[in-house]
Amino acid sequence: MILDFFFWNFATPPASVLLKNHLSGALHINKVYCGIHELNQPVVRKLVKASRPVAVRSELAGTGIPDSTDMLSDISFGSKVRGIGFYAVTAIAAIVLIVLMIAQHPFVLLFDQYRRRAQFSIAKIWASLTVAPFFKIEYEKLENLPPPDVPAVYVSNHQSFLDIYTLLTLGRSFKFISKTGIFLFPIIGWAMYMLGVIPLKRMDSRSQMECLKRCMDLLKKGASVFFFPEGTRSKDGKLCAFKRGAFSVAAKVGVPVVPITLIGTGKIMPAGLEGILNPGSVKVIIHKPIEGSDAELLLFGLRELVKFNLNNLCIPV
């Protein structure tokens, strides 16, 4: 049974390159990975207005995913077996742990209605049990995570079905957004409901607005939310254009945005080939939280940060 999280399809913004660090000034983004020294590159706001929109495409060195049609003939028997084992483990773990979630849910609603930390603790166990036999996750800059009680908007690139499992292992109680149809699946749908996952009808503009409003309400009440700003999984490993939703929410509510770069998930389980599991490892990079009142500036700056890491980091498979 596949837990497949997708996010709203807001209008695509013009892809210019902007960086902003504070509400009143330029954004400084620290980039220190793979022997590259720290880089602070301020960009004056007025340049944003004068810049000409251009189409930006990211060439992912070491993280690109081969076309799914080309891979079909290359899928090894071992990858198919690992895929079967992966879903067997996740199903067994879910069946056992859903009992605990149901048992504690009345108390969660009574004492922790918005964050639901106890339920996310079980979700972390489920994700960790599932991935542990099959691939290793390396975490970088965990100290950049805000305290658990600080509401924030978390964002990351999206390459694979495995992204959800990987993010749940962080143990943070951020609310994902999912298609309404996924809630109908037994066990997985029940777990999503008890976690407080936000439902969305992707092609329904009214549903999108309600989803946006609910995200803002949760942030104001102390909970965090999570977005994949690309709106869907990248099928070729290239970073797609970011949508405005996550950054509009953060700017309007006045909460920090926590950017995360995921590397390696698309090689292990490529988009469109969810039945296999290739050998490999995953890296999760937590960047420093960034605040701002301009959603467009946040969008451009954070996309460039994620793109930089994807372009300059690779994990051998």
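The values are calculated or read from the model by the stated rules, or taken from the named source; none is laboratory data. No experiment lies behind these values; they were computed from the predicted model shown. Note: ideal-geometry Cβ built from the backbone for every residue, glycine included; neighbour counts use all protein chains shown. With ligands, DNA and RNA removed, areas are computed over all heavy atoms of the protein, side chains included. Shrake-Rupley method; radii C 1.70, N 1.55, O 1.52, S 1.80 Å.
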Neighbours by Cβ (under 6 Å, 6+ apart or cross-chain): first from the range 89-118, in contact (Cβ under 8 Å) with a residue 40 or more places away in the chain; second assigned to a loop (DSSP other than H, G, I, E, B) and open to solvent by 50 Å² or more (accessible area, probe 1.4 Å): 114/221
Long-range neighbours under 6 Å by Cβ, at least six apart or interchain, first residue under 23 Å from residue 146 (Cβ atoms) within the range 265-286, second open to solvent by 10 Å² or more (accessible area, probe 1.4 Å) and hydroxyl-bearing (Ser, Thr, Tyr): 284/139
Residue under evaluation residue 300, criteria (1) at pLDDT 95 or above; (2) over 30 Å from residue 132 (Cβ atoms); (3) open to solvent by less than 10 Å² (accessible area, probe 1.4 Å), criterion not met: (1)
Residue satisfying condition, being at pLDDT below 95, of a type in the set (A, V, I, L, M) and closer than 22 Å to residue 160 by Cα, within set 75, 92, 84: 75
Every residue from the range 77-127 that is under 30 Å from residue 280 (Cβ atoms), open to solvent by 50 Å² or more (accessible area, probe 1.4 Å) and among the hydroxyl-bearing types (Ser, Thr, Tyr): 121
Checklist (1) open to solvent by less than 10 Å² (accessible area, probe 1.4 Å); (2) farther than 18 Å from residue 158 by Cβ applied to residue 254, failing item: (1)
So residue 278, is it open to solvent by 20 Å² or more (accessible area, probe 1.4 Å) and outside any loop (DSSP other than H, G, I, E, B): no
Test: residue in the range 204-213 that is under 21 Å from residue 157 (Cα atoms), at pLDDT below 90 and among the aliphatic types (A, V, I, L, M): no
Helices (runs of 4 or more DSSP H) fully within the range 156-240 counting 3 or more residues that are surrounded by fewer than 21 Cβ atoms within 10 Å (Cβ to Cβ): 188-195, 205-220
